[in-house]
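Asks: This structure is in structure tokens; I'll ask about it shortly.
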Amino acid sequence: MSIVTKSDQRSQTPQLAPDSKWVGLRWWSMLAIGMSQLMVVLDATIMNVALPSAQIELAFSDTLRPWAITAYALAFGGLLLLGGRIADLMGRKQIFLIGLVGFAVASALGGAAPTFAILLAARVLQGIFAALLAPAALSLLTTTFIDPAERGKAFGIFGALAGAGGAVGLLLGGVLTETLSWRWTLYVNIAFAAIAFVVGLIAIAPTASERGVKLDVPGAIFASLGFFALVFGFTNAEERGFGDVRTWGFLAAGLVLLVVFVMIQRKGKSPLLPLHIVLDRDRGASMIAIFVAGAVVFGVNLYLVYYLQIVLGFTPLQTGLAVLPLCLGIMIAAVVSASALMPKLGAKMLVPAGMVISAIGSVLLMSAKADSSYALHVAVPMFVIALGLGAIISSAMSVGTLGVDRHHAGAASAAVNASQQLGGSIGLAVLNTLVAGATITALDGGKGQLESLVGGYSGAYFACAVLLVVGAIVTALMYRRRADAAVPTGEAAVHM
């Protein structure tokens, strides 16, 4: 059954084609949007390799070290929905450019940080401006490329950058730390942001701000606090486990806050996240797919780095180069899937197929032992995982923002980004718990330290495989057939 309100008539009105003045510049705008997305995603991992060097120079403790990563994730994930709605209300191009400038300034502050406190503040600022930048970039992509053929190519490129950004961060972090210093893992953002700003200023079509619409302040407060509590709770679980009072306390608080947020959205006149966006079956399936992909990307990245450095003894630079198959596989699969396969197969076939392929790669990765060769037991499975992830991310991102009214493009883009961030946070917390348990069990069983660590990593890869298989089943059931999906669904349409 389909429930349609009067607002459907407005949302089903064909979108106006972009002004011809900007049509010739649309692929230049893709350059600016793509660079901003790469910058935001790689900053979640680029400091991982650099942290030991930063710790020595700034003299901070092991207890504080994870906060250089967590601070960025908390601010980014907690403010995404607010950032997306601000982009809708104030103009997506304006917020995109503001986000670039703010991110560059925060990166410069972090690169020059004389103390850990300044570095931490800079990472928080990076997260705040990333929460403005990421949904603005995705919504600009959605409203710029409306031709189906061009949309496929654009989302293929965007999905490649979104999926491979974490691995690129590891590669770039290793290169910069060994050849220059850890500070350049932050300074490099200034170059990314400067190029994206100049190109975006010239090539991106102006976007108008909405008049007469107020920001949903209560919704913004409860959404931000709810996401902050969830991300913090799962991050705390990585170190202290799920039995710690701070873990389950923050998780419970986050769930309560988000329930209140949903209640506010149901009654609000100008909701922060209109619920029809996430209640649409195709968008819901896409957000689940991106959540699963986010958990797998962050999990595989983390434990591959541990395996390569601790078990195989790779240097940071060697580790960065060793994850190239992951980068290349995601990029190739994302572009091919979005531009060539998606128009023929549709998300209902392509996304579950991508999950099954990545699950096979995860199982193959379990064969890596303490004395295994990199080429056969790491590079090949890594590439297989990447092929599946590329298909998932590019296809799901495209469908997750398809058919959304221009006035809510930022909100929909923020929801998609939030799915990836929550997937990464929850995935890492659960995987760390599994790895710790499997490692202790192996040690108690008389295995050596390296063999026990490898056993723990294998447990994480198996968990990724199970998650991917479950995700494949759920998304295959949720995505509508292509003929059904082609029927326009309005802003307030709910498919039942």
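Nothing in this text is a laboratory measurement; each read-out follows from the coordinates by a stated rule. For clarity, every value in this text was computed on a predicted model and none was experimentally measured. No Cβ is skipped: glycine too gets one built from the backbone with ideal geometry, and neighbour counts run over all protein chains shown.
Asks: Testing the spin-label approximation: label points 7 Å from Cα along Cα→Cβ at E57 and A121. State their distance in nm.
Replies: 1.9
Asks: Taking the Cα centre of the stretch 216-269 as origin, sum charge times position over the Cβ atoms of Lys and Arg (+1) and Asp and Glu (-1), and report the length of that vector in debye to the nearest 20.
Replies: 320
Asks: Would you list the P(r) distribution for the chain, with all Cα-Cα distances sorted into 20 Å bins from 0 and each bin expressed as a whole %?
Replies: Values per bin, smallest distances first: 25, 60, 15, 0.
Asks: Further question on the same structure: For the stretch 216-269, with equal point scatterers placed on the C-alpha atoms only and solvent neglected, what are the log10 I(q)/I(0) values from the Debye formula at q = 0.13, 0.14 1/Å, to two decimals?
Replies: Treating every Cα as an identical point scatterer, log10 I(q)/I(0) equals -0.33, -0.37.
Asks: Taking Cα centroids, how far is the stretch 169-197 from the stretch 412-480 in Å?
Replies: The stretch 169-197 and the stretch 412-480 have Cα centres spaced 29 Å from each other.
Asks: Go through F291, A205, S36 and say which Cα lies farthest out towards the positive end of the charge dipole of the chain; charges sit on Cβ, +1 for Lys and Arg, -1 for Asp and Glu.
Replies: The one lying farthest along the dipole's positive direction is A205.
Asks: Per 0.36 nm of contour for each residue apart, how much would the distance between I195 and V466 grow if the chain were fully extended, relative to their Cα-Cα spacing?
Replies: 93.5 nm
Asks: Could you tell me the largest-minus-smallest coordinate of the C-alpha atoms of the stretch 341-460 on each of the three principal axes, in descending order and whole angstroms?
Replies: The Cα atoms of the stretch 341-460 stretch 60, 28, 19 Å along the principal axes, largest first.
Asks: Test of understanding: extend the Cα→C-beta vector of L376 to 7 Å, then name every residue of the stretch 299-326 with backbone N under 18 Å from that spot.
Replies: So the set is 312.
Asks: Testing the spin-label approximation: label points 7 Å from Cα along Cα→Cβ at L477 and R266. State their distance in nm.
Replies: The two pseudo-label positions are separated by 2.4 nm.
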